[in-house]
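What follows is a set of notes on a single structure, which appears directly below.
The values are calculated or read from the model by the stated rules, or taken from the named source; none is laboratory data. Computed from a prediction, not measured in an experiment: that's the story for all the values here. Note that we place each Cβ from the backbone using ideal geometry, even for glycine, and neighbour counts take in every protein chain shown. We work out accessible area using only protein heavy atoms, side chains counted, and drop any ligands, DNA or RNA first. Shrake-Rupley method; radii C 1.70, N 1.55, O 1.52, S 1.80 Å.
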Amino acid sequence: MTLLISGLTAFFAVHLIPSFTGLRESLVQRLTFNGYRGIYTLVSLGGLVAVVYGFGAAWHGDYTPWYVPPSWGRHVTMLLMLPVFPLFFASQLKGNITRITKHPLINATKFWAVGHLFANGEPYSVVLFGSFLIWAIIVRITIAKRERITPPNRDYPNAMKNDVISVGLGLIFYGLFVWKLHAILIGVPIIT
C-alpha cells in the first residue's frame with residue numbers, strides 16, 4: 001500500500017499544479033516551459049508506474065475489506081461505466097457532448113471512480129478510486145472558478161460528426177472491455 005499511496009501522491013501532486021495558475025506560472029518561470037513540462041511528465045509517469053505496481057502488490061496482499069460491496073454493485077458499475085468511454089473520446093473530439101458536459105474527461109473519471117467503488121471494498125481499491133474521485137472534484141471546482149473569470153470558447157466545428165464518432169468508438173470500447181479487455185489488461189474478467 002505504501003507504493004500505491006506514494007505513486008498516487010506524486011501523480012496527483014503534479015496534476016493539481018495546473019489548477020493553481022499562480023504556482024504553475026511561477027514554476028514555468030523558474031524552470032522554463034520545457035523544463036516544467038519535462039519534470040511534470042517524469043513525475044506523472046513515475047507516479048503512474050508506482051500506482052500500477054503498488055496496486056498489483058496490494059492486490060496480492062492480505063487486506064481486510066473496508067466494506068462489502070452490495071450484490072447489485074457490479075450492475076451499477078457496468079451502468080456507470082457506459083458513458084465513460086464516449087466521454088473520453090468526446091474530450092478529444094470536441095462537439096456537443098463537450099459543450100453540454102463542459103469537461104468530459106473529468107466527468108468520465110467521476111463515473112469510473114464511483115462505479116468501481118460500488119464493486120470494490122478492499123482498502124487498495126478504495127484508496128485508488130476514492131483518490132481519483134476526490135481529484136476530479138477538486139479539479140472541476142478550480143476549473144469552474146477559472147471559467148467564471150474567462151469563459152472558454154465552446155464553438156466546435158464538426159460537432160455532430162465528432163459526437164457520433166465519440167459515442168460509436170466509446171460503445172465499441174465499452175463492449176470490448178466487457179467482453180475481454182478488462183480481463184486482459186486488469187486481470188479481472190467482467191463476464192464470468
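How high is the FRET efficiency from THR32 to SER71, r the C-beta distance, R0 41 Å, rounded to 0.05? It would help to have the intermediate numbers written out before the result.
Working: r = 55 Å, r/R0 = 1.33.
For THR32 and SER71, the calculated efficiency is 0.15.
Would segment 93-169 count as rounded, prolate or oblate if I go by the C-alpha gyration tensor, calling it rounded below 1.5 in a/c and otherwise prolate when a/b exceeds b/c, oblate otherwise?
On the way: a/c = 4.75, a/b = 1.54, b/c = 3.09.
Verdict is oblate for segment 93-169.
Within the listed set GLY170, GLY130, GLY38, the Gaussian network model of the chain (springs between alpha-carbon atoms below 10 Å) gives the highest mean-square fluctuation for GLY38.
GNM on the chain, C-alpha springs below 10 Å: top fluctuator among ASN107, ASN34, ASN158? Evaluated over the chain, the most mobile residue of the options is ASN34. Look at the dipole of the chain built from charges on Cβ: of ALA159, THR41, PRO70, the Cα furthest out on the positive end belongs to ALA159. Ordered from highest to lowest accessible area with the whole protein assembly present and a 1.4 Å probe, LYS110, LYS102 read as LYS102, LYS110. Taking the chain as the region of interest, the number of lysine pairs whose Cα atoms are within less than 27 Å, with members eight or more places apart or on different chains, is 10. Spacing of the modelled spin labels on ALA183 and GLU147, each 7 Å from Cα toward Cβ, amounts to 3.9 nm.
Place a +1 charge on the Cβ of each Lys and Arg in segment 78-163 and a -1 charge on the Cβ of each Asp and Glu, then give the dipole magnitude about the Cα centre in debye, rounded to the nearest 20.
380 debye
Among ILE149, ILE17, ILE100, the largest mean-square fluctuation in a Gaussian network model of the chain (Cα springs under 10 Å) belongs to ILE149.
Mean Kyte-Doolittle of at least 1.6 plus a Cα span of 20 Å or more along the axis: flag which DSSP H helices in the chain meet both, please. Working shown, then result.
Working: long enough: 2-16 (21 Å, 1.82); 33-59 (38 Å, 1.00); 104-119 (23 Å, 0.82); 123-149 (39 Å, 1.07); 159-176 (25 Å, 1.17).
Counting only whole DSSP H runs, the qualifying helices are 2-16.
The residues of the chain present an accessible area of 59 Å² per residue when probed at 1.4 Å with all protein chains retained.
Using a 1.4 angstrom probe on heavy atoms only, work out the carbon and sulfur share of the accessible area of segment 92-144 in %.
Working: 1590 of 2150 Å².
Answer for segment 92-144: carbon and sulfur cover 74 percent of the accessible area.
3J(HN,Hα) couplings calculated from phi for segment 181-191 with the Karplus curve 6.51 cos²θ - 1.76 cosθ + 1.60 (θ = phi - 60°) are, in sequence order, 4, 4, 5, 5, 7, 9, x, 10, x, 8, 9 Hz; Gly and Pro show x. Would you mind classifying the chain by shape? Square roots of the alpha carbon gyration tensor eigenvalues, ordered a ≥ b ≥ c; an a/c under 1.5 is rounded, otherwise it is prolate if a/b is larger than b/c and oblate if not. Taking the square roots of the gyration eigenvalues as a ≥ b ≥ c, the chain is oblate.
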